[in-house]
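Presented below is the structure to which this report refers.
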Amino acid sequence: VSKSRLACLLKASDVLVNVTDAPRLEAEILLAFVLNEPRSALHAWPEKTLNDEQLALFASYLERRTRGEPMAYLMGRRAFWSQDLMVTSHTLIPRPETELMVEEVLLLTKDKLRGMKVADLGTGSGAIALALAHERPSWEIYATDISEEALQIARKNAQQLGLKNVSFYQGNWCTALPCSDFDIIVSNPPYIAETEWADYAEGLAFEPRLALVSGQDGLEALQDIGLSAKNYLHSSGYLLMEHGFSQGAAVRHLLALAGFEAIRTVRDLAGQERMTLGRLA
Ligand SMILES: C[S@@+](CC[C@H](N)C(=O)[O-])C[C@H]1O[C@@H](n2cnc3c(N)ncnc32)[C@H](O)[C@@H]1O
């Protein structure tokens, strides 16, 4: 059996055909990861052989991938905004559509020069909080999660990125915050309904349920945050929450009830309602 890089790639591409739309690309990414070399090295030296240890490691990653485990968990990393973040099975894999939240916060505050006090509730890997901390070094960012394991990863990401303007707090939504008077509160909370979980479960089976499912109708966390955020914002502070594509009307209604105005929903690139925001009256 040939152990050349090229032979391994061909074999792996065959194996991955049933798992992904990009079998060759994923095979290359995994092999480069195992060899700890850039992908270009695979093209430059396709005939180089793998040793037994490398072969075994490559085979184990392929097996995990064929069982449906996402690439981000195999590599332990995922890019979000301009940053490369560590992710584990305790953290959601940050999604590209969540970058909308970062964009919207930057747009809302583009004329405001003074430092802002911002909270990111349910920070997971730290995605939103760390993107904002990086873009706005003068802001004070408070990141929370109920999962201590997720917070540990978020803290490591902040350290690796050298970001000093973020602090981390464990606890249930707003109650984790050590103070009030925030300018902005953002959250991408879990929003899948218990009853719909089974329909999603195959694609999301490797991600933490705690990060995805929220009550019978998926609105529990959105309601909790929507109703309590006003006690933690100063007057004319903003609340922004990501939600499912069918939850826009419910969230707009909720924010109106809670005393927010200038309420609007932002659509993602696929044209789906994805995030709703309002300003405290
Ligand atoms: C959809 S994930 C979002 C993670 C990250 N903000 C992102 O956008 O990639 C939701 C996060 O909320 C956290 N969470 C779930 N229930 C919570 C609660 N009651 N209080 C605070 N955080 C909670 C989960 O641990 C998870 O990290």
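The values are calculated or read from the model by the stated rules, or taken from the named source; none is laboratory data. Just so it is clear, the structure is predicted and the values come from calculations on it, not from any experiment. Cβ placement follows ideal geometry from the backbone for every residue including glycine, while neighbour counts extend to all protein chains displayed. These area figures cover heavy atoms from the full protein model, side chains too; ligands, DNA and RNA do not enter into them. Shrake-Rupley method; radii C 1.70, N 1.55, O 1.52, S 1.80 Å.
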Response to the item:
FRET efficiency (Asp111, Gln170; Cβ distance; R0 25 Å; to 0.05) is 0.15
Worksheet item: Which of Asn188, Asn172, Asn51 moves most in a GNM of the chain, Cα contacts under 10 Å?
Response: Asn51
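Which of the trypsin sites (Lys or Arg not before Pro) found in segment 108-168 are in a DSSP loop and have at most 14 neighbouring Cβ atoms, other than their own, within 10 Å? All intermediate terms of the calculation are to be shown ahead of the outcome.
Details: sites: Lys110, Lys112, Arg114, Lys117, Arg155, Lys156, Lys164; in loops: Lys110, Lys112, Arg114, Lys164.
Filter output for segment 108-168: Lys110, Lys112, Arg114, Lys164.
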Worksheet item: Under 12 Å from the Cα of Lys164, which aspartates and glutamates turn up, not counting those fewer than eight places away in the same chain?
Response: Glu140
Worksheet entry | Pair Cys179, Thr88: separation of 7 Å Cα→Cβ label points (nm) | 3.0
Practice prompt. Would you mind computing, in nm to one decimal, how far apart the modelled labels at Glu103 and Thr49 are, each placed 7 Å from Cα along Cα→Cβ?
Written response: 5.0
Worksheet entry | GNM flexibility winner over the chain from Gly162, Gly171, Gly244 (Cα, springs under 10 Å) | Gly162
Worksheet item: Which value, in debye to the nearest 20, gives the size of the charge dipole of the chain about its Cα centre, when Lys and Arg are +1 and Asp and Glu are -1 at the Cβ?
Response: 700
Practice prompt. Calculate how large, on average over all directions, the projected area of the Cα convex hull of segment 10-154 is; give the answer in nm² to one decimal.
Written response: 10.8
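So if each residue of separation counts as 0.36 nm, and I subtract the Cα-Cα distance between Leu6 and Ala270, what length gain in nm does that give?
Numbers: separation 264, 0.36 × 264 = 95.04 nm, distance 3.71 nm.
Answer, rounded to one decimal: 91.3 nm.
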Item to complete: Give me the accessible area per residue for segment 133-281, probe 1.4 Å, as a whole number in Å².
Response: 47
Worksheet item: Roughly how many percent of the accessible protein surface of segment 161-241 is carbon and sulfur, given a 1.4 Å probe and a whole-percent answer?
Response: 48
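Please compute the per residue accessible area over segment 32-102 with all protein chains in place, 1.4 Å probe, rounded to a whole number of Å². Intermediate values should be presented prior to the final figure.
Numbers: 3670 Å² over 71 residues.
Accessible surface, normalised per residue, equals 52 Å².
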Response to the item:
Taking placed amide H atoms and a strict 5 Å upper bound, the residues 5 or more places from Met275 or on another chain that come that close are His243, Val266
Practice prompt. Treat each spin label as a single point 7 Å out from the Cα along the C-beta direction, and report the Tyr200 to Asn18 distance in nm.
Written response: 2.7
